[in-house]
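Below is one structure, written out as structure tokens; the observations come after it.
None of the figures in this text is laboratory data; all of them are computed from the coordinates on show. Note that the structure is a prediction, hence the values are computed from the model and not measured. Heads up, the Cβs are rebuilt from the backbone with ideal geometry, glycines too, and the neighbour counts pull from every protein chain shown.
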Amino acid sequence: MGGSFDPPHAGHLHITEMALQRFRLDRVWWLVSPGNPLKAHGPAPLADRIAAARRLADDPRIVVTGIEAQLGTRRTADTLAALQSAWPGVRFVWLMGSDNLVQFSRWDRWRGIAARVPIGVIARPGSRTAARTSRAATILGAHRLPEHRAPELADMAPPAWVLVNVPMTALSSSAIRAARRAAAARPDAGAPLAGLGD
């Protein structure tokens, strides 16, 4: 599961736990990205995001890694090719939120990604319908598994994908960053509270 994890939060943990359960995965790797080519602004320093993710993810089945920086890859297609080359016996599954499926057809070599690994899509608030009707979902429609077959995904030959509905959380890194910026911009931010007794 790739992302900026800027910052990592309980929502990342929630969808990871759902993915482990629904897709019957042995492990989930959090690929903390050096930077997202589709985002205009760069994230916080990589080492800080990795450390924060490791503090949050205390499940031994969750591996937090900055391997893209080590591999020198910035695009998912290149990262997956490098991972499969380094670990040829591992059956990788790409995980994404339904919000990412909406824009998946904008990713570099997205069809190659779908041809390389099965894709597990986890429903996110406000994007289920858009994901199901997205360009990528339409083009890959013949390869979509029904939700009840989600546990088989890791054993499927690509292209194969499934969208699973799970209990949702509205948490997002973007919302957390926006709330932090708003709090920092308030004129009273950090000022002592007046009118409190000793």
Volume of the Cα convex hull of region 1-97, divided per residue and given in Å³: 99 Å³
Could you tell me whether region 46-90 comes out rounded, prolate or oblate from its Cα gyration tensor? Rule is a ≥ b ≥ c as square roots of the eigenvalues, rounded for a/c under 1.5, then prolate if a/b exceeds b/c, otherwise oblate. oblate
Residue-span extension gain [residue 115 to residue 70] - 0.36 nm each, minus C-alpha spacing: 13.7 nm
If we restrict to alpha carbons, what Rg and Dmax does region 84-137 come to, in Å? 12.2, 37
Could you work out the Kirkwood radius for region 56-119, taking every pair of different alpha carbons, averaging 1/r and inverting it, reported in Å? 13.1 Å
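Please give the length that would be gained between residue 51 and residue 155 if that part of the chain were fully extended, namely 0.36 nm times their separation in residues minus their C-alpha to C-alpha distance (nm, one decimal).
Numbers: separation 104, 0.36 × 104 = 37.44 nm, distance 3.21 nm.
Length gained between residue 51 and residue 155: 34.2 nm.
Gain in length, residue 148 to residue 14, computed as 0.36 nm per residue apart minus the alpha-carbon separation, to one decimal in nm? Write down the numbers at each step before the final one.
Values: separation 134, 0.36 × 134 = 48.24 nm, distance 1.99 nm.
Residue separation times 0.36 nm, minus the Cα-Cα distance, leaves 46.2 nm.
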List the equivalent ellipsoid semi-axes of region 127-169 in whole Å, largest first, each obtained as the square root of 5λ for an eigenvalue λ of the Cα gyration tensor. 17, 16, 7
Computed label-point distance, nm, for sites residue 44 and residue 105 using a 7 Å Cα→Cβ extension: 3.6 nm
Nearest-20 debye value, region 33-149 charge dipole, Cβ charges on Lys, Arg, Asp, Glu: 360 debye
Taking amide H atoms as placed 1.01 Å from N in the peptide plane, list the residues 5 or more away in sequence, or in a different chain, whose amide H sits under 5 Å from that of residue 30. 63, 64, 65
In the neighborhood of residue 163, defined by Cβ-to-Cβ distances under 13 Å, what is the net charge if each Lys or Arg adds +1 and each Asp or Glu adds -1? +4
